[in-house]
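What follows is a short report on a single structure.
The values are calculated or read from the model by the stated rules, or taken from the named source; none is laboratory data. Quantities reported herein were computed from a predicted structural model and do not represent experimental measurements. Ideal geometry is used to build each Cβ from the backbone, glycine not excepted, and the neighbour counts take in all protein chains shown.
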């Protein structure tokens, strides 16, 4: 019994022992399986996982370049970058947007207008691009968020350089402004170069010189943790800042021009005929471009849009007006060049002109007529009949062909975005657009700058400069030079020009003399100066057409139906340094309202008050 | 007769002569050395995995102290006394499991905790010891290998707590408790035919289990089958863990230099996924060393099993040792992507107290079995 029991116990002990050894073998087999697996992961696939691990923690971040600054001719800063802290939400990283903003507003003050701007910008953001919920955080707010920030995934403080325009409305139309990049712009820009940028030129110089101003993006490799927080920088390639632009623009003159326009709606374009440099480019009224940089509020925008004065409208480069009598000197030149008139040939003005075989009477502005007039007298008196006759003899083809050489009918190519080209009517144009044949009567109307003929103030200024230059038409430019960051000297931007050749070079002098007489004794005599000679031409452009027997009575017309007053000029006649075009909308007569504006600008410029470098050689003139 | 029996016992040198120092304090020196080395290594890894937080290491050290204390205390209890406590412990354990389902605290979406005012603990931990004890108690009353009836009864005694724990739901623990039952039967010499048919039954039941699983459990299984299907959701754990281990290579990135863990890409790097930290920082070499340590502890447990003097001791020591192995295998298999993600910690290294205390108590039982010996002199 005990024997058997003992045998059983021994057998049992052997059974359990054998199971223990089987278990040991199974354990070793199972652990070997894991080891094989680990060998596969850590030896065979080590390279693969090393790359994945690196991709996990190393992120490439773009470093946005600082936008180039803009200086006027005297080194006054017109467009600056100032550091600003904003609070941004990356919507893709946030689960519950409303709850996050609600929670956020307990830490940082968020006003309804911040919410409104956020909602607006949310619509046109790029994917994974942060949208600012608050701008211009104070240092205290930055510190407060630094403490609580970890609670808000997808919400970050961004330090960035924000564009400011210290002179605000004085530069709005010429510089334009920058704003946040929207979807349409995203489609045409180089995405990698704009990877870190939030702003892009939306208009004016900022848009035209975007490539120079923006600069080259830099990159840094950073180590991030699983929540995307940057731990350290591994490698970096610094960005190249945009180039600073030095302008021809004289902000002092710009201010004078704006003051000279006063409350009137209108535009002034003044340029240096020697190089095409824009000295002043004013469209009045203006607006504060700083409002647009971070996105303008709906109410502000509505106010600007609904204002009858259209402050957002850049009259200087987009305003297309019938040039009126300011075109007459060009028509006269065309007649001389074509040989259909001479300086001595006289035309009789009876107060009206009719085409042979037509009853329609094309009236002169002076009802009683000017009598017999030479070309010079016709310009000085701005006689319409003389130019009806001249245009008629030239014909539309020669007339528009010659005027086009001065730049009418096509954009000048100025470095201000959004420029329009006006309209130089031709036979071909009328056929294409109106599907009608050209009538001889229309040629007459074009000859006095009315009808479908449209020109921008900029085009008038450029063409006037071309007369001052004896035919050299220079593409106007706001920016003179671009200076790379750190470069000692600025790089001059190239001049583009073409020259109109007349068979008889004296004909330029003839026209210039006539224009000088316009100011000395003609329609612009009220701005005559004893300090220097001004060559000019007044103009009046009709806002609405009078019937055949109606009389224009300025006193009884509502302001908005009054004629636009125009004036083009250059000075000094002997050595032109400034050429300009002025338009005062509904200002009435060009000699009465537009010419005095031009005089103030010319005075300011040639008087040297706003150009210190020219002060020494103009100081003497002022004393005369 | 007495001589015959004494010769039976005298096969083990431990049973002869005066008991040594370790035997008198009822500890097993090799096992203790292995455990201390493992825990020391664990603390080092934890320091790194917790982002060099001394407080975390300190808390773990306190738990280790408690666990080692418990181990020493349990080792003093003789197997015979343990055996007599087994049914009671099992009964209390199952009662508390039912209580948990009725009034338990909810933690992490599952009811696992019982709150006794001062102590909050998981009754399921008790079952990790109570189930193998209960089965060893049942089977040690009769000759081994067990007859079919007793196998069935043992299976029922295992399944009751397993189902209760799975309902909490706590898949990892129920798996461990089930494996404890299976291990007792295996060590008891259950026939291979029965083992195979049991495997067949498990295979047949699996689809039913699938139906009974919670959504998140099913998701884990599906994610295991194809982790890339959901790289930011439930597949994230396993993808990041494979990256950590794979990028460690042969030599590892060095202690405290694991980028996956320190930059927080690796989730639960303190607890269930701490093995990936070891793989990343110490590489394949470090893992081999760790496995050598685990293997040493397991083999020592099996040696003790083979050398145990009575049925109860053999069954219990074998089962507890093999459950320890199941921990290691399931955790490392899960972290390396061999097995589905079930919440099983890496034994004695993962941060956290409950499983560590139970494991060390288990080692206390193993040591007690080894050191409370009926001496050959006493037998004669």
Practice prompt. Tell me which residues, restricted to segment A:204-225, are part of a loop (DSSP other than H, G, I, E, B) and touching a helix residue (DSSP H, G or I) at 6+ places or on another chain (Cβ under 8 Å).
Written response: A:225
Worksheet item: Hey, any hits in segment A:86-94 for a residue that's within 14 Å of chain B (Cβ to nearest Cβ), surrounded by fewer than 20 Cβ atoms within 10 Å (Cβ to Cβ) and either touching a residue at least 40 places away in the same chain (Cβ under 8 Å) or under 22 Å from residue A:162 (Cβ atoms) (or both)?
Response: yes
Discussion item. For segment A:246-277, give me each residue that is part of a strand (DSSP E or B) and touching a helix residue (DSSP H, G or I) at 6+ places or on another chain (Cβ under 7 Å).
Written reply: A:266, A:267, A:268, A:269, A:270, A:271
Worksheet, complete the sentence: Scanning segment A:33-65 for residues that are more than 7 Å from every other protein chain (Cβ to nearest Cβ) and crowded, with 19+ Cβ neighbours inside 10 Å gives A:64, A:65
Item to complete: Could you check, for segment A:13-32, whether at least one of its residues is modelled with pLDDT of 90 or more, buried (at least 20 other Cβ atoms within 10 Å of the Cβ) and within 30 Å of residue A:486 (Cβ to Cβ)?
Response: no
Worksheet item: What is the one condition in (1) over 14 Å from residue A:50 (Cα atoms); (2) at the interface with chain A (Cβ under 8 Å from one of its Cβ atoms); (3) modelled with pLDDT of 90 or more that residue B:283 does not satisfy?
Response: (1)
Practice prompt. Tell me, please, whether a residue that is under 30 Å from residue B:323 (Cβ atoms) and either at pLDDT below 90 or over 60 Å from the mean Cα position of the chain (by Cα) (or both) can be found in segment A:39-61.
Written response: yes
Worksheet item: Can we say residue A:77 is at the interface with another protein chain (Cβ under 7 Å from one of its Cβ atoms) and either within 19 Å of residue B:336 (Cα to Cα) or surrounded by 14 or more Cβ atoms within 10 Å (Cβ to Cβ) (or both)?
Response: no
Worksheet item: Here are some conditions: (1) in the same structural domain as residue A:205 (by TED's automatic domain parsing); (2) more than 30 Å from residue A:154 (Cα to Cα). Residue A:66 meets all but one. Which one does it not meet?
Response: (2)
Response to the item:
Counting only strands (runs of 3 or more DSSP E) entirely within segment A:444-536, those with at least 3 residues that are surrounded by fewer than 21 Cβ atoms within 10 Å (Cβ to Cβ) are A:479-483, A:497-499
Practice prompt. Would you check if there is a residue in segment A:384-404 being touching a residue at least 60 places away in the same chain (Cβ under 8 Å), assigned by TED's automatic domain parsing to the domain that holds residue A:460 and assigned to a loop (DSSP other than H, G, I, E, B)?
Written response: no
Practice prompt. Say whether the condition of being buried (at least 24 other Cβ atoms within 10 Å of the Cβ), at the interface with chain A (Cβ under 10 Å from one of its Cβ atoms) and either part of a helix (DSSP H, G or I) or at pLDDT below 85 (or both) is met by at least one residue in segment B:231-240.
Written response: yes
Worksheet item: For segment B:9-112, list the helices (runs of 4 or more DSSP H) that sit wholly inside it and hold at least 2 residues that are under 14 Å from residue B:370 (Cα atoms) and modelled with pLDDT of 90 or more; which are they?
Response: B:29-49, B:54-75, B:79-103
Worksheet item: Taking the condition in contact (Cβ under 8 Å) with a residue 40 or more places away in the chain, touching a helix residue (DSSP H, G or I) at 6+ places or on another chain (Cβ under 8 Å) and either surrounded by fewer than 14 Cβ atoms within 10 Å (Cβ to Cβ) or not assigned by TED's automatic domain parsing to the domain that holds residue A:316 (or both), does residue A:171 pass?
Response: yes
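Just one of B:357, B:303 is within 12 Å of chain A (Cβ to nearest Cβ) and either out of contact with any strand residue (DSSP E or B) (no Cβ under 8 Å at 6 or more places or on another chain) or under 26 Å from residue B:171 (Cα atoms) (or both); which is it?
Just a single option satisfies the conditions, and that option is B:303.
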Discussion item. Quick check on segment B:262-276. Is at least one of its residues farther than 15 Å from residue B:331 by Cα and part of a helix (DSSP H, G or I)?
Written reply: yes
Discussion item. So, in segment B:312-354, how many residues would count as being at pLDDT below 90 and facing chain A (nearest Cβ under 8 Å)?
Written reply: 2
